[in-house]
Amino acid sequence: MADFGLVTIPTHYSIQPADLARWAEENGFESLFFGEHSHIPTSRKTPFPLGGELPMYYSEFYDPFVGLTAAAAVTHTLKIGTSVCLVPEHNPINLAKSTACLDRVSNGRFLFGIGAGWNAEEMGDHGIAFKDRWKQTRERVLAIREIWTRDEAEFHGQFVDFDPIWCWPKPVQAGGPPILMGADSKWSPKRIAEYCDGWIPIDRPDLAGGLAAIREQMEQYGRAMDQFDLSVITGKAFAGENSLESRVEELLSVGVNRVLFLIEPDQSDTQWSVLERHAKLITSIQ
């Protein structure tokens, strides 16, 4: 049976991370994921990928690692994750330490969802050329794995370059937290097969086709699919003419092991009623 989790964006006016985490664990949810944007440039040159005007709450994200630490501190079994961490915005040595520490304080409950970002101006403010963001992501992830798993880690690439270092703590999870690719393009299967442990896409009709492409790439890299993590972000907007319950059943038939319900940022009173409906939904499915 698949697990069920929540994806949301904590803000100063929405349900606070600790309160949401407690509720999620008490109501049968397996996981809680927070997204990331460090800021939103006011220029707004880059169009919003989902179309229309960019919602104001994109400039109001909490730092995901602070929010997830609060969530971990008040729960015991709830898995916590990023959906997604914008890897190019972070120094890889600092990010290796932050993720390892979060895995430690949660006792091995952290899932590392990653992405490269879509906002060119945001990347530029961090000194990252937009055309290089995926090259940057690859090198930083590979360097982070070295730091997670080696007592003396070093990495020499085009964008990340450091001689042997000592950096503790190491993660609780052997090999480090699972790395889930939060992107969905023709290049994603190869990237996933090379340096990730799973896929965390936003719901779309042809998930089976995307999974088949990943399986093909995994075979080329000599990697098995038995431990592959397929987590899909869905919600009422993705159900089409069917009910959300029907869409969840379709996702499970494809082989999704974790269904994540997208909870839009809003005033806490509004969010609680939405969350209660999702709690009833997973009870009816389970």
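Just so you know, all these numbers are worked out from the coordinates, no wet-lab data involved. Remember, it's a predicted structure, so these values are computed and weren't measured experimentally. A quick note on method: Cβ atoms are made from the backbone with ideal geometry, for glycine too, and the neighbour counts reach across all protein chains shown.
Longest span of the chain, sites excluded, free of chymotrypsin sites (Phe, Trp or Tyr not before Pro) in DSSP loop with at most 10 other C-beta atoms within 10 Å?
Counting only loop sites that pass the neighbour cut-off, the longest clear stretch is 1-165.
What shape does region 43-185 have by the C-alpha gyration tensor, where a ≥ b ≥ c are the square roots of the eigenvalues, rounded means a/c under 1.5, and otherwise prolate means a/b greater than b/c and oblate the rest?
In terms of gyration-tensor shape, oblate.
Do the alpha carbons of any pairs in LYS135/LYS190; LYS45/LYS131; LYS131/LYS170; LYS79/LYS170; LYS131/LYS190 sit beyond 21 Å of each other, and which pairs?
The pairs that break the limit, which is 21 Å between Cα atoms, are LYS131/LYS170.
For the pair TYR13/GLU264, report the inter-label distance in nm, with labels modelled 7 Å from Cα in the Cβ direction.
1.4 nm
Using the charge dipole of the chain (Lys, Arg: +1 at Cβ; Asp, Glu: -1 at Cβ; taken about the Cα centre), state which of LEU68, MET1, TRP187 has its Cα farthest towards the positive end.
About the Cα centre, the residue reaching furthest to the positive side is TRP187.
List the residues whose amide H sits under 5 Å from the amide H of CYS85, counting only those 5 or more places along or on another chain, with H placed 1.01 Å from N in the peptide plane.
The answer is GLY113, ILE114, GLY115.
Under 19 Å Cα-Cα from LYS236, which lysines qualify once same-chain neighbours fewer than 8 residues away are excluded?
Straight-line reach from LYS236, under 19 Å: LYS280.
Stretch GLN220-CYS101 to full length: gain in nm at 0.36 nm per residue minus the Cα-Cα span?
Computed gain between GLN220 and CYS101 is 39.5 nm.
Looking at GLY175, HIS126, PRO55, which one has the Cα that reaches farthest to the positive end of the dipole of the chain (charges on Cβ: Lys, Arg +1; Asp, Glu -1)?
GLY175
Once the cut-off is 36 Å, how many percent of the Cα-Cα pairs in the chain end up in the long-distance tail?
Summing the P(r) tail past 36 Å for the chain gives 11 percent.
With contacts defined as alpha carbon pairs under 8 Å and 6 or more residues apart, what's the relative contact order of region 3-285 in percent?
RCO, region 3-285: 19 percent.
Quote the relative contact order of region 179-269 in percent (integer), defining contacts as alpha-carbon pairs under 8 Å separated by 6+ residues.
Taking the mean separation of contacting Cα pairs over the length of region 179-269, I get 26 percent.
Rounded to the nearest 20 debye, what is the charge dipole size of region 3-285 about its Cα centre when +1 sits on each Lys and Arg Cβ and -1 on each Asp and Glu Cβ?
So the magnitude is around 320 debye.
Nearest 500 deg cm²/dmol is fine: what mean residue ellipticity at 222 nm does the chain get from its DSSP H runs of n ≥ 4 alone, each adding -39,500 (n - 2.57), divided by its residue count?
Result for the chain, helices only: -11500 deg cm²/dmol.
What residues from region 158-193 fall in the zone where the backbone N is under 12 Å from a label point 7 Å along the Cα-to-C-beta line of GLN227?
So the set is 173-179.
Mind checking the dipole of region 1-146: about its Cα centre, +1 per Lys or Arg Cβ, -1 per Asp or Glu Cβ, Debye to the nearest 20?
Using Cβ point charges on Lys, Arg, Asp and Glu, region 1-146 gives about 420 debye.
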